[in-house]
Amino acid sequence: MRPLALLLTSMVLLQACDLTVVGPPVVVPPPIPVANLTSCHAVGLEGLIGQPVTLIPRAGAWSTLRIIRPGELITTDYSATRLNARIGTDGRILSLYCG
């Protein structure tokens with residue numbers, strides 16, 4: 001009787017353990033926001049998403065261009081006339097938005 005109890009206890013304990021192998025975390029890129037680019041007068045630049053950051057015109061109707069690199073800290077102040085360009089590690093534009 002004792003070996004049977006030991007076997008059943010072992011089976012219950014093994015079943016309680018989760019032996020699922022977990023791989024590395026999957027990094028899902030954030031969705032590309034559809035931003036309103038009217039307040040910083042950048043309407044028409046939506047086609048630059050996915051392109052190299054060097055294609056953004058440096059001079060435009062916006063008062064300031066802020067390029068945001070991966071991991072870079074930015075201020076939370078809002079400027080309706082500022083164009084923000086978030087870029088990826090490959091130097092391509094992930095999103096454009098006013099603010």
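The values are calculated or read from the model by the stated rules, or taken from the named source; none is laboratory data. Just so it is clear, the model here is predicted, and its values are computed rather than measured. Positions of Cβ are backbone-derived with ideal geometry, glycine not excepted, and every protein chain shown enters the neighbour counts. When the accessible area is computed, the model is the full protein with side chains, heavy atoms only, and any ligands, DNA or RNA have been set aside. Shrake-Rupley method; radii C 1.70, N 1.55, O 1.52, S 1.80 Å.
Go over the candidates PRO30, PRO52, PRO24 one by one and state the one that is modelled with pLDDT of 90 or more and either open to solvent by 40 Å² or more (accessible area, probe 1.4 Å) or in contact with an Asp or Glu (Cβ under 8 Å, 6 or more places away or on another chain) (or both).
Numbers: PRO30 fails: modelled with pLDDT of 90 or more; PRO24 fails: modelled with pLDDT of 90 or more.
So the residue among PRO30, PRO52, PRO24 that is modelled with pLDDT of 90 or more and either open to solvent by 40 Å² or more (accessible area, probe 1.4 Å) or in contact with an Asp or Glu (Cβ under 8 Å, 6 or more places away or on another chain) (or both) is PRO52.
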The one condition SER95 fails out of (1) open to solvent by 80 Å² or more (accessible area, probe 1.4 Å); (2) modelled with pLDDT of 60 or more; (3) outside any loop (DSSP other than H, G, I, E, B) is (1)
Taking the range 62-77 and keeping residues within 11 Å of CYS40 (Cβ to Cβ) and either open to solvent by 70 Å² or more (accessible area, probe 1.4 Å) or not in a loop (DSSP other than H, G, I, E, B) (or both) leaves SER63, THR64, LEU65, ARG66
